[in-house]
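Asks: Take a look at this one; I'll ask things after.
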Amino acid sequence: MGILLDDAVIIRQPEKEEEPTVITVNCPDKTGLGSDLCRIILFFGLTLVRTDVSTDGKWCYIVLWVVGRQNTRWGLLKKRLMEACPSSSLASGILYYAQLQPPKPPHVFLLKFCCLDRSGLLHETIDVTEVLCELELTIKRVKVSTTPDGKVMDLFFLTDARELLHTKKGKEDTYEHLKGVIGDTMMSCEIEMVGPEITVCCQGTSFLSDAVTQGMFNIDEPRDDSSTALQWPSVAMDNSLSPSHTLLQLVCQDHKGLLYDVMRTLKDYNIQISYGRITTKENTKCEMDLFIMHADGKKIVDPSKQDRLKSRLEMELSRPLRVSLISRGPDTELLVANPVELSGKGRPLVFYDITLALKMLDTPIFSAEIGRYVIRDREWEVYRVLLDEGDVGCVSKEKVEETVWKMLMSWK
């Protein structure tokens, strides 16, 4: 097996408080490595302010300038970044075959607990979601609802990055963290490993109407001037500046997860970055110069392939997520959707941002579900949040959509 040296990831804290933290990654290269690293940065709630990437196709050197939070667990972040780096033997091709094998699917656990509804379901949900993120438990499905007798029933289908939830200590640790935020109102808490057939049965509503899919997922007319869309990006490709690479130039509006959106798109198209420089100007505009090529080492010269990549990047950078508030009979439902990578990974912290935005609006949740839908040959992760009908009328539809959108984009 290959060896990954401890200095493959170095995190250097700033000398001054206003300066960013610098993360350097020096390891064997693989297609999609940038996407995997950016997803981890996004999961830890960090903001990228500058990025430099260089690789010879076998070994890569990446520098990330990030702004963190006071409670950022830098040691754990380094561990997760190290885990995403290929081992050194991959650089010589020794484990090339093993690299191509699909990863073993993680175990799925059902967290089921019941508590008294103190001040609306929303506050329990945001507290629980934050705890699950701290414990590195990824929410795959969730069903949260209130009962007529004033209780909250939560069903969370989770995967565990630490691989501890099947142990007695892992379950006790999770219980203690939940008890710490919910308090004496928690009546019961159970954790058990379940099979994939259980998660399928518990997905909840499995149907999206034609009106919803047409309005939220209309890729035939991707331009959108609404308040839940970004400025239209500039995407250009040039094959004249390098004998072996295509220069991809992007100018777009900055937002949380921007580099992840670019990297996951290139990863889905099996495109590798050999050199790149990403800078943010005035905290609103981002410029990228990326020298790219297909994973087989060839430039992107086919006009049809260029057009497909250009169209996909324009769509992903103008609407990285979809937000809509709709009427469902007498009820009001908030829908938030994000595309799923071909590898099966979804966007991190979306449910946390949704609940935090609704908490700011003091808009309680009646129930919430997360499901995956295949729409026009693409898989989407859709968050369906049924709002408390007694409180929705106090806030306008536009205000709800705008507040959720700004939280997802990390705008004030």
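The values are calculated or read from the model by the stated rules, or taken from the named source; none is laboratory data. In this text, all values refer to a predicted model and were calculated from it rather than measured experimentally. Please note: Cβ atoms are built from the backbone with ideal geometry, for glycine as well, and neighbour counts cover all protein chains shown. All accessible areas refer to the heavy atoms of the entire protein, side chains included, with ligands and DNA or RNA removed. Shrake-Rupley method; radii C 1.70, N 1.55, O 1.52, S 1.80 Å.
Asks: Tally the residues that are more than 14 Å from THR55 (Cα to Cα) and open to solvent by 70 Å² or more (accessible area, probe 1.4 Å), restricting the search to the range 270-283. It would help to see each step written out before you state the result.
Replies: Taking the range 270-283 first, the residues more than 14 Å from THR55 (Cα to Cα) are 270, 278-283.
Restricting the remaining residues to those that are open to solvent by 70 Å² or more (accessible area, probe 1.4 Å) gives 270, 281-283.
Within the range 270-283, residues that are more than 14 Å from THR55 (Cα to Cα) and open to solvent by 70 Å² or more (accessible area, probe 1.4 Å) number 4.
Asks: Could I ask something else about it? Does PRO364 fit the bill of being surrounded by fewer than 17 Cβ atoms within 10 Å (Cβ to Cβ) and of a type outside the set (Asp, Glu)?
Replies: Here the answer is no, as PRO364 does not meet what is asked.
Asks: Could you list all residues from the range 145-175 that are out of contact with any Pro (no Cβ under 9 Å at 6 or more places or on another chain) and among the small types (Gly, Ala, Ser)?
Replies: Answer for the range 145-175, where residues must be out of contact with any Pro (no Cβ under 9 Å at 6 or more places or on another chain) and among the small types (Gly, Ala, Ser): SER145, GLY150, GLY170.
Asks: Let me ask something else. Being open to solvent by less than 10 Å² (accessible area, probe 1.4 Å) and either part of a loop (DSSP other than H, G, I, E, B) or hydroxyl-bearing (Ser, Thr, Tyr) (or both) is the filter here; which residues of the range 234-254 pass it?
Replies: The one that is open to solvent by less than 10 Å² (accessible area, probe 1.4 Å) and either part of a loop (DSSP other than H, G, I, E, B) or hydroxyl-bearing (Ser, Thr, Tyr) (or both): THR246.
Asks: I'd like to know if the range 181-200 contains one or more residues that are surrounded by 15 or more Cβ atoms within 10 Å (Cβ to Cβ), at pLDDT 85 or above and over 25 Å from the mean Cα position of the chain (by Cα).
Replies: Yes, the range 181-200 contains at least one residue that is surrounded by 15 or more Cβ atoms within 10 Å (Cβ to Cβ), at pLDDT 85 or above and over 25 Å from the mean Cα position of the chain (by Cα).
Asks: Among all residue pairs at least 6 apart or on different chains, which show Cβ distances below 7 Å where the first residue, located in the range 204-230, is closer than 28 Å to LYS140 by Cα and assigned to a helix (DSSP H, G or I) and the second is polar (S, T, N, Q) and at pLDDT 75 or above?
Replies: GLY215/SER324; MET216/SER324
Asks: Looking only at the range 284-304, which residues are more than 25 Å from the chain's Cα centre (by Cα) and loosely packed, with under 14 Cβ neighbours inside 10 Å?
Replies: ASP296, GLY297, LYS298, VAL301, ASP302, PRO303, SER304
Asks: Next question. What tally of residues in the range 320-334 results from selecting those that are within 14 Å of LEU408 (Cβ to Cβ), surrounded by fewer than 19 Cβ atoms within 10 Å (Cβ to Cβ) and not polar (S, T, N, Q)?
Replies: 0
Asks: A follow-up question, please. Of the residues in the range 308-328, how many are within 19 Å of ALA211 (Cβ to Cβ) and in contact (Cβ under 8 Å) with a residue 60 or more places away in the chain?
Replies: Step one: of the range 308-328, the residues within 19 Å of ALA211 (Cβ to Cβ) are 319, 322-328.
Retained after the next criterion (residues that are in contact (Cβ under 8 Å) with a residue 60 or more places away in the chain): 319, 322-326.
Of the residues in the range 308-328, 6 are within 19 Å of ALA211 (Cβ to Cβ) and in contact (Cβ under 8 Å) with a residue 60 or more places away in the chain.
Asks: Hey, which of the strands (runs of 3 or more DSSP E) in the range 1-72, taking only ones fully inside, have at least 1 residues that are touching a residue at least 40 places away in the same chain (Cβ under 8 Å), open to solvent by 20 Å² or more (accessible area, probe 1.4 Å) and closer than 21 Å to VAL350 by Cα?
Replies: Values: elements: 9-12, 21-28, 47-55, 59-67.
Once the strands (runs of 3 or more DSSP E) in the range 1-72 are filtered for at least 1 residues that are touching a residue at least 40 places away in the same chain (Cβ under 8 Å), open to solvent by 20 Å² or more (accessible area, probe 1.4 Å) and closer than 21 Å to VAL350 by Cα, what remains is 47-55, 59-67.
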